[in-house]
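The values are calculated or read from the model by the stated rules, or taken from the named source; none is laboratory data. Just so it is clear, the structure is predicted and the values come from calculations on it, not from any experiment. A quick note on method: Cβ atoms are made from the backbone with ideal geometry, for glycine too, and the neighbour counts reach across all protein chains shown.
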């Protein structure tokens, strides 16, 4: 009986460390919501040290020098800047700087309309625009494009009929551009 009592006392002392767990509340790294966990204080301290080392390693590689600033327990999250898609650009600005294909520069509005009609007969799916900002000259332009590369395909087909056609930078409506 004495031996059984001694064994129980030794086991209870050994397992006493296991039951010293405490409730640790941390902030979630992504949404910032509190997260509660049951763990030993020693483990919590080890995890904090590892997180701080990871944060300083990131600072070393980014800045290429050691950061002597005091360590914080808040994790450092870096979100890379992503390139915006055309739909996201259009939501922000309905009219952007893009490209149009300049078909011709003519002396009168009547000539500009004739060039536009000639173009529409050949390419019925493309819009034609007449710009009178160069009065007394008029620019006849077609299409709307996000970049010169996207205009290159149509420009090749248009050059068969308009030898002097070029892609020029111009304000375009985002929803019409390709």
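At-a-glance table
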quantity	calculated
Matching helices (runs of 4 or more DSSP H) fully within segment 82-160 where at least 1 residues are more than 30 Å from the chain's Cα centre (by Cα) and loosely packed, with under 11 Cβ neighbours inside 10 Å	109-122, 148-158
Cβ pairs under 6 Å, 6+ apart, first in segment 162-173 and assigned to a loop (DSSP other than H, G, I, E, B), second surrounded by fewer than 13 Cβ atoms within 10 Å (Cβ to Cβ) and modelled with pLDDT under 85	none
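Matching residues to (1) within 12 Å of residue 102 (Cβ to Cβ); (2) in contact with a helix residue (DSSP H, G or I) (Cβ under 7 Å, 6 or more places away or on another chain); (3) not assigned by TED's automatic domain parsing to the domain that holds residue 103:
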position	(1), (2), (3)
127	no, no, no
131	yes, no, no
134	yes, no, no
138	yes, yes, no
141	yes, no, no
147	no, no, no
157	no, no, no
163	no, no, no
166	yes, no, no
